1. Rank these by accessible area, largest first, 1.4 Å probe: LYS317, LYS174.
2. Relative contact order for the chain using alpha-carbon pairs under 8 Å, separation at least 6, rounded to a whole percent?
3. Expressed as cubic angstrom per residue, what is the convex hull volume of the alpha carbon set of region 136-260?
4. Where the Cα atoms of region 147-214 are projected onto their three principal axes, how long is each span, largest first, in whole Å?
5. Taking a ≥ b ≥ c as the square roots of the Cα gyration tensor eigenvalues, with a/c under 1.5 meaning rounded and otherwise prolate when a/b beats b/c, else oblate, which class fits the chain?
6. List the aspartates and glutamates whose alpha-carbon lies under 13 Å from that of LYS174, not counting same-chain residues fewer than 8 positions away?
7. Please get the size of the charge dipole for the chain, origin at its Cα centre, with Cβ charges of +1 on Lys and Arg and -1 on Asp and Glu, quoted in debye to the nearest 20.
8. Return an integer: the convex hull volume of the alpha-carbon atoms of region 68-119, in Å³ per residue.
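The values are calculated or read from the model by the stated rules, or taken from the named source; none is laboratory data. The model shown is predicted, which means the values in this text are computed figures rather than measured ones. Here the Cβ positions follow ideal geometry from the backbone for every residue, glycine too, while neighbour counts run over all protein chains shown. The accessibility values were calculated without ligands, DNA or RNA, using every heavy atom of the protein model including side chains. Shrake-Rupley method; radii C 1.70, N 1.55, O 1.52, S 1.80 Å.
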Amino acid sequence: MKAIQIHTTGGLEVVHLVEIPTPTPAPGQVLVRVAAIGVNYIENYHRDGRYPVPLPFTLGMEASGTVAALGPGVSDFAIGDPVVSAAVLGAYAEYALVPAAQLLRVPASLDLRQAAAVFLQGLTAHYLAFSTFPLKPGDTALIHAAAGGVGLLLTQMARRLGARVLATVSTPEKAALARQAGADEVILYTHSDFVAETRRLTSGRGVDVVYDSVGKTTFTGSLDCLRPRGLLALFGASSGAVPPLDLIELSRKGSLFLTRPTLGHYTLTRAELESRAADILAWVADGSLRVRMEHTYPLAQARQALLDITSRRTTGKLLLLP
Ligand code: NDP
(Lines give C-alpha, C1' and ligand atoms only; values in the text may rest on other atoms or scores of the structure.)
Protein backbone atom coordinates (compact mmCIF):
# COMPACT_ATOMS: atom_id res chain seq x y z
CA MET A 1 0.00 0.00 0.00
CA LYS A 2 0.99 3.65 -0.39
CA ALA A 3 1.87 5.63 2.73
CA ILE A 4 3.52 8.91 3.69
CA GLN A 5 6.48 8.15 5.92
CA ILE A 6 9.29 9.86 7.78
CA HIS A 7 12.64 8.17 8.35
CA THR A 8 14.38 11.10 9.97
CA THR A 9 13.01 14.29 11.52
CA GLY A 10 13.45 17.61 9.75
CA GLY A 11 11.83 19.95 7.25
CA LEU A 12 9.27 19.04 4.61
CA GLU A 13 11.99 17.27 2.61
CA VAL A 14 11.83 14.33 5.06
CA VAL A 15 8.21 13.59 4.04
CA HIS A 16 8.11 10.75 1.47
CA LEU A 17 5.55 8.69 -0.39
CA VAL A 18 6.55 5.03 0.01
CA GLU A 19 5.23 1.57 -0.79
CA ILE A 20 4.96 -0.62 2.33
CA PRO A 21 3.15 -3.84 3.21
CA THR A 22 -0.45 -3.49 4.38
CA PRO A 23 -0.37 -3.98 8.17
CA THR A 24 -2.12 -6.80 10.03
CA PRO A 25 -4.23 -5.88 13.06
CA ALA A 26 -2.89 -7.06 16.43
CA PRO A 27 -5.21 -7.92 19.34
CA GLY A 28 -7.54 -5.00 20.04
CA GLN A 29 -6.80 -3.32 16.70
CA VAL A 30 -8.87 -2.72 13.58
CA LEU A 31 -7.53 -2.36 10.04
CA VAL A 32 -9.31 0.50 8.27
CA ARG A 33 -9.44 1.02 4.51
CA VAL A 34 -8.88 4.77 4.54
CA ALA A 35 -11.34 7.02 2.66
CA ALA A 36 -10.29 10.48 3.89
CA ILE A 37 -7.37 11.72 6.00
CA GLY A 38 -7.53 14.81 8.19
CA VAL A 39 -4.48 17.10 7.99
CA ASN A 40 -3.62 18.51 11.41
CA TYR A 41 -1.02 20.88 12.74
CA ILE A 42 0.41 18.17 14.98
CA GLU A 43 1.87 16.34 11.97
CA ASN A 44 4.37 19.18 11.65
CA TYR A 45 5.43 18.76 15.29
CA HIS A 46 5.87 15.01 14.68
CA ARG A 47 7.80 15.70 11.47
CA ASP A 48 10.26 18.19 12.96
CA GLY A 49 10.77 16.25 16.20
CA ARG A 50 9.11 18.72 18.60
CA TYR A 51 6.81 15.84 19.63
CA PRO A 52 9.15 12.81 19.36
CA VAL A 53 7.82 9.64 17.69
CA PRO A 54 9.94 6.47 17.20
CA LEU A 55 11.31 6.39 13.63
CA PRO A 56 10.43 5.44 10.95
CA PHE A 57 6.70 6.12 11.13
CA THR A 58 3.69 6.86 8.98
CA LEU A 59 2.33 10.37 9.59
CA GLY A 60 -1.19 11.23 10.59
CA MET A 61 -3.70 10.68 13.37
CA GLU A 62 -7.12 11.33 11.86
CA ALA A 63 -8.91 9.29 9.23
CA SER A 64 -12.26 7.89 8.22
CA GLY A 65 -12.89 4.77 6.18
CA THR A 66 -14.40 1.31 6.31
CA VAL A 67 -13.40 -1.64 8.47
CA ALA A 68 -11.21 -4.00 6.41
CA ALA A 69 -10.08 -6.52 9.08
CA LEU A 70 -10.48 -7.14 12.80
CA GLY A 71 -7.69 -8.04 15.19
CA PRO A 72 -8.16 -10.88 17.70
CA GLY A 73 -10.66 -10.00 20.43
CA VAL A 74 -12.40 -7.17 18.56
CA SER A 75 -16.16 -7.77 18.48
CA ASP A 76 -17.69 -4.28 18.46
CA PHE A 77 -17.13 -3.71 14.73
CA ALA A 78 -17.89 -5.64 11.53
CA ILE A 79 -16.16 -5.66 8.15
CA GLY A 80 -17.47 -2.77 6.07
CA ASP A 81 -18.56 -0.55 8.97
CA PRO A 82 -18.01 3.18 8.28
CA VAL A 83 -15.67 4.47 10.98
CA VAL A 84 -13.60 7.45 12.05
CA SER A 85 -10.82 8.07 14.58
CA ALA A 86 -8.52 10.81 15.81
CA ALA A 87 -6.04 8.28 17.22
CA VAL A 88 -4.99 6.42 14.06
CA LEU A 89 -1.56 4.77 14.07
CA GLY A 90 -0.41 6.24 10.74
CA ALA A 91 -3.39 7.85 8.98
CA TYR A 92 -1.51 9.06 5.86
CA ALA A 93 -1.91 5.73 4.06
CA GLU A 94 -4.30 3.56 2.06
CA TYR A 95 -4.85 1.32 5.10
CA ALA A 96 -4.30 2.14 8.76
CA LEU A 97 -4.43 0.43 12.14
CA VAL A 98 -6.62 1.90 14.88
CA PRO A 99 -7.07 0.68 18.46
CA ALA A 100 -10.73 -0.46 18.60
CA ALA A 101 -11.13 1.61 21.78
CA GLN A 102 -10.40 4.76 19.73
CA LEU A 103 -12.67 3.95 16.78
CA LEU A 104 -16.19 5.36 16.32
CA ARG A 105 -18.91 4.31 13.90
CA VAL A 106 -19.96 7.07 11.47
CA PRO A 107 -23.75 7.62 11.34
CA ALA A 108 -25.34 6.74 7.97
CA SER A 109 -26.42 10.37 7.52
CA LEU A 110 -22.81 11.55 7.32
CA ASP A 111 -20.34 10.96 4.53
CA LEU A 112 -16.84 9.79 5.32
CA ARG A 113 -15.18 13.02 4.19
CA GLN A 114 -17.34 15.08 6.53
CA ALA A 115 -16.51 12.73 9.38
CA ALA A 116 -12.76 13.02 8.84
CA ALA A 117 -13.07 16.79 8.40
CA VAL A 118 -14.73 17.40 11.74
CA PHE A 119 -13.44 14.71 14.04
CA LEU A 120 -10.14 15.75 15.66
CA GLN A 121 -10.71 19.49 15.48
CA GLY A 122 -14.36 19.04 16.53
CA LEU A 123 -13.40 16.96 19.58
CA THR A 124 -10.85 19.65 20.43
CA ALA A 125 -13.35 22.49 20.14
CA HIS A 126 -15.84 20.44 22.16
CA TYR A 127 -13.58 19.82 25.13
CA LEU A 128 -12.37 23.44 25.15
CA ALA A 129 -15.88 24.95 25.10
CA PHE A 130 -17.65 22.36 27.26
CA SER A 131 -14.99 21.27 29.72
CA THR A 132 -11.76 23.30 29.92
CA PHE A 133 -13.74 26.48 30.48
CA PRO A 134 -17.40 25.44 30.33
CA LEU A 135 -18.99 28.42 28.59
CA LYS A 136 -22.40 29.75 29.58
CA PRO A 137 -24.61 32.66 28.55
CA GLY A 138 -23.05 35.91 29.72
CA ASP A 139 -19.46 34.71 29.28
CA THR A 140 -17.14 36.40 26.80
CA ALA A 141 -14.45 34.35 25.05
CA LEU A 142 -11.51 35.49 22.95
CA ILE A 143 -10.65 32.95 20.24
CA HIS A 144 -7.41 33.27 18.29
CA ALA A 145 -7.07 31.87 14.74
CA ALA A 146 -10.86 31.87 14.60
CA ALA A 147 -10.99 31.11 10.87
CA GLY A 148 -8.76 28.06 11.27
CA GLY A 149 -9.84 24.44 11.53
CA VAL A 150 -10.37 24.39 15.30
CA GLY A 151 -11.25 28.08 15.37
CA LEU A 152 -14.34 27.93 13.13
CA LEU A 153 -15.73 24.98 15.09
CA LEU A 154 -14.90 26.50 18.48
CA THR A 155 -16.57 29.78 17.51
CA GLN A 156 -19.76 27.93 16.56
CA MET A 157 -19.73 25.88 19.77
CA ALA A 158 -19.14 28.95 21.94
CA ARG A 159 -22.15 30.62 20.33
CA ARG A 160 -24.21 27.43 20.77
CA LEU A 161 -23.46 27.74 24.50
CA GLY A 162 -24.61 31.35 24.53
CA ALA A 163 -21.22 33.02 24.95
CA ARG A 164 -20.13 36.26 23.30
CA VAL A 165 -17.19 35.61 20.96
CA LEU A 166 -14.36 38.00 20.13
CA ALA A 167 -12.24 36.49 17.36
CA THR A 168 -8.79 37.29 16.00
CA VAL A 169 -7.79 36.67 12.38
CA SER A 170 -5.10 37.95 10.01
CA THR A 171 -7.06 38.92 6.88
CA PRO A 172 -10.43 40.42 5.87
CA GLU A 173 -11.33 37.13 4.12
CA LYS A 174 -10.77 35.24 7.35
CA ALA A 175 -12.75 37.90 9.22
CA ALA A 176 -15.77 37.19 6.98
CA LEU A 177 -15.51 33.46 7.75
CA ALA A 178 -15.24 34.06 11.49
CA ARG A 179 -18.37 36.25 11.33
CA GLN A 180 -20.23 33.56 9.37
CA ALA A 181 -19.31 31.11 12.15
CA GLY A 182 -20.97 33.45 14.65
CA ALA A 183 -18.20 35.67 16.04
CA ASP A 184 -19.73 38.80 17.57
CA GLU A 185 -16.61 40.90 17.09
CA VAL A 186 -13.65 40.21 14.81
CA ILE A 187 -10.24 41.74 15.46
CA LEU A 188 -7.83 41.99 12.52
CA TYR A 189 -4.69 41.62 14.61
CA THR A 190 -2.57 42.57 11.61
CA HIS A 191 -4.16 46.05 11.67
CA SER A 192 -4.90 46.67 15.33
CA ASP A 193 -3.57 45.63 18.70
CA PHE A 194 -5.72 42.73 19.89
CA VAL A 195 -5.18 43.52 23.59
CA ALA A 196 -6.34 47.13 23.23
CA GLU A 197 -9.29 46.04 21.07
CA THR A 198 -10.32 43.34 23.55
CA ARG A 199 -10.20 45.83 26.41
CA ARG A 200 -12.23 48.33 24.37
CA LEU A 201 -14.83 45.73 23.38
CA THR A 202 -15.26 44.62 27.01
CA SER A 203 -15.38 48.17 28.43
CA GLY A 204 -12.02 47.59 30.11
CA ARG A 205 -13.11 44.48 32.01
CA GLY A 206 -11.36 41.80 29.95
CA VAL A 207 -12.69 38.44 28.78
CA ASP A 208 -13.55 35.41 30.90
CA VAL A 209 -11.47 33.02 28.82
CA VAL A 210 -8.93 33.10 26.00
CA TYR A 211 -8.58 30.05 23.77
CA ASP A 212 -5.07 30.45 22.35
CA SER A 213 -3.62 28.02 19.79
CA VAL A 214 -1.07 30.48 18.41
CA GLY A 215 1.33 30.42 21.36
CA LYS A 216 4.57 32.33 21.21
CA THR A 217 3.35 35.52 19.52
CA THR A 218 0.03 35.83 21.39
CA PHE A 219 0.67 34.38 24.86
CA THR A 220 1.54 37.54 26.83
CA GLY A 221 -1.19 39.52 25.10
CA SER A 222 -3.68 36.76 25.84
CA LEU A 223 -2.93 37.04 29.57
CA ASP A 224 -3.44 40.81 29.28
CA CYS A 225 -6.90 40.29 27.77
CA LEU A 226 -8.29 38.42 30.79
CA ARG A 227 -10.48 39.73 33.57
CA PRO A 228 -9.26 39.03 37.11
CA ARG A 229 -9.45 35.26 37.75
CA GLY A 230 -9.96 34.61 34.03
CA LEU A 231 -8.57 31.50 32.34
CA LEU A 232 -6.11 31.12 29.49
CA ALA A 233 -6.41 27.80 27.65
CA LEU A 234 -3.17 27.57 25.70
CA PHE A 235 -3.85 24.62 23.41
CA GLY A 236 -1.38 25.03 20.56
CA ALA A 237 1.84 26.58 19.35
CA SER A 238 1.22 27.53 15.72
CA SER A 239 3.69 30.44 16.00
CA GLY A 240 6.16 28.54 18.19
CA ALA A 241 6.53 27.38 21.77
CA VAL A 242 5.89 29.77 24.65
CA PRO A 243 9.04 30.47 26.70
CA PRO A 244 9.09 29.60 30.42
CA LEU A 245 6.88 31.81 32.58
CA ASP A 246 7.54 33.24 36.03
CA LEU A 247 4.33 32.21 37.80
CA ILE A 248 4.18 35.47 39.75
CA GLU A 249 2.97 37.00 36.45
CA LEU A 250 -0.34 35.15 36.89
CA SER A 251 -0.76 36.85 40.23
CA ARG A 252 0.26 40.30 38.96
CA LYS A 253 -2.09 40.14 36.00
CA GLY A 254 -5.16 39.23 38.07
CA SER A 255 -4.86 35.86 39.88
CA LEU A 256 -5.24 34.21 36.49
CA PHE A 257 -5.68 30.53 35.67
CA LEU A 258 -3.50 28.95 32.99
CA THR A 259 -3.88 25.49 31.48
CA ARG A 260 -2.14 23.65 28.63
CA PRO A 261 -4.76 21.04 27.67
CA THR A 262 -4.52 18.21 25.18
CA LEU A 263 -7.24 16.09 23.58
CA GLY A 264 -6.08 12.77 25.06
CA HIS A 265 -6.76 14.00 28.58
CA TYR A 266 -10.31 15.01 27.62
CA THR A 267 -11.16 11.64 26.02
CA LEU A 268 -9.80 9.54 28.87
CA THR A 269 -12.60 6.99 28.92
CA ARG A 270 -14.57 5.34 26.13
CA ALA A 271 -17.72 6.98 27.54
CA GLU A 272 -16.16 10.46 27.34
CA LEU A 273 -14.91 9.90 23.78
CA GLU A 274 -18.31 8.53 22.68
CA SER A 275 -20.23 11.37 24.26
CA ARG A 276 -18.14 14.12 22.64
CA ALA A 277 -18.08 12.25 19.29
CA ALA A 278 -21.86 11.71 19.36
CA ASP A 279 -22.42 15.44 19.84
CA ILE A 280 -20.20 16.61 17.01
CA LEU A 281 -21.25 13.95 14.50
CA ALA A 282 -24.95 14.61 15.25
CA TRP A 283 -24.50 18.38 14.91
CA VAL A 284 -22.78 18.01 11.54
CA ALA A 285 -25.50 15.58 10.42
CA ASP A 286 -28.33 17.96 11.42
CA GLY A 287 -26.57 20.98 9.93
CA SER A 288 -26.15 22.88 13.20
CA LEU A 289 -22.33 22.59 13.05
CA ARG A 290 -20.86 23.62 9.72
CA VAL A 291 -17.54 22.17 8.59
CA ARG A 292 -15.54 24.08 6.06
CA MET A 293 -13.64 21.60 3.89
CA GLU A 294 -11.28 24.02 2.26
CA HIS A 295 -9.19 21.78 0.12
CA THR A 296 -8.56 18.14 -0.74
CA TYR A 297 -5.21 16.83 -1.96
CA PRO A 298 -4.19 13.43 -3.33
CA LEU A 299 -2.18 11.48 -0.72
CA ALA A 300 0.97 12.00 -2.79
CA GLN A 301 0.68 15.77 -2.18
CA ALA A 302 0.98 15.47 1.60
CA ARG A 303 4.01 17.77 1.60
CA GLN A 304 2.00 20.55 -0.03
CA ALA A 305 -0.83 20.12 2.49
CA LEU A 306 1.63 20.34 5.39
CA LEU A 307 3.22 23.43 3.88
CA ASP A 308 -0.17 25.07 3.36
CA ILE A 309 -1.45 24.51 6.91
CA THR A 310 1.60 26.22 8.41
CA SER A 311 1.62 29.09 5.91
CA ARG A 312 -1.45 30.90 7.34
CA ARG A 313 -3.07 30.61 3.89
CA THR A 314 -5.66 28.04 4.88
CA THR A 315 -9.02 28.24 6.57
CA GLY A 316 -11.14 25.35 7.85
CA LYS A 317 -10.12 21.76 7.10
CA LEU A 318 -7.64 20.18 4.70
CA LEU A 319 -8.11 16.54 3.66
CA LEU A 320 -5.83 14.05 1.92
CA LEU A 321 -7.47 11.41 -0.27
CA PRO A 322 -5.67 8.07 -0.74
P1 NDP B 1 -5.35 26.32 11.94
O2 NDP B 1 -6.27 26.09 10.80
O3 NDP B 1 -5.86 27.10 13.09
O4 NDP B 1 -4.03 27.00 11.35
C5 NDP B 1 -3.20 27.77 12.14
C6 NDP B 1 -3.63 29.25 12.15
O7 NDP B 1 -2.92 29.89 13.20
C8 NDP B 1 -3.25 30.01 10.91
O9 NDP B 1 -4.19 29.87 9.85
C10 NDP B 1 -3.17 31.43 11.41
O11 NDP B 1 -4.44 32.08 11.41
C12 NDP B 1 -2.75 31.25 12.87
N13 NDP B 1 -1.35 31.67 13.08
C14 NDP B 1 -0.97 32.76 13.80
N15 NDP B 1 0.35 32.87 13.79
C16 NDP B 1 0.84 31.87 13.04
C17 NDP B 1 2.15 31.51 12.64
N18 NDP B 1 3.24 32.20 13.02
N19 NDP B 1 2.30 30.42 11.84
C20 NDP B 1 1.22 29.71 11.46
N21 NDP B 1 -0.05 30.01 11.81
C22 NDP B 1 -0.25 31.09 12.60
O23 NDP B 1 -4.80 24.92 12.44
P24 NDP B 1 -5.60 23.80 13.27
O25 NDP B 1 -7.01 24.19 13.47
O26 NDP B 1 -5.32 22.49 12.65
O27 NDP B 1 -4.82 23.82 14.65
C28 NDP B 1 -4.78 24.99 15.42
C29 NDP B 1 -3.85 24.80 16.59
O30 NDP B 1 -4.50 23.97 17.55
C31 NDP B 1 -2.50 24.18 16.31
O32 NDP B 1 -1.52 24.88 17.05
C33 NDP B 1 -2.66 22.77 16.84
O34 NDP B 1 -1.44 22.22 17.25
C35 NDP B 1 -3.59 22.99 17.99
N36 NDP B 1 -4.35 21.81 18.38
C37 NDP B 1 -4.29 21.42 19.69
C38 NDP B 1 -5.00 20.36 20.14
C39 NDP B 1 -4.98 20.04 21.59
O40 NDP B 1 -5.75 19.18 22.07
N41 NDP B 1 -4.15 20.69 22.39
C42 NDP B 1 -5.79 19.51 19.23
C43 NDP B 1 -5.85 20.04 17.89
C44 NDP B 1 -5.13 21.14 17.47
P45 NDP B 1 -4.46 33.67 11.14
O46 NDP B 1 -3.95 33.83 9.76
O47 NDP B 1 -5.87 34.09 11.31
O48 NDP B 1 -3.53 34.25 12.19
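1. LYS174, LYS317
2. 17
3. 91
4. Taking the Cα atoms of region 147-214, the three principal extents are 27, 26, 19 Å.
5. prolate
6. Partners within reach: GLU185, GLU294.
7. My answer is approximately 600 debye.
8. Convex hull of Cα atoms, per residue: 85 Å³.
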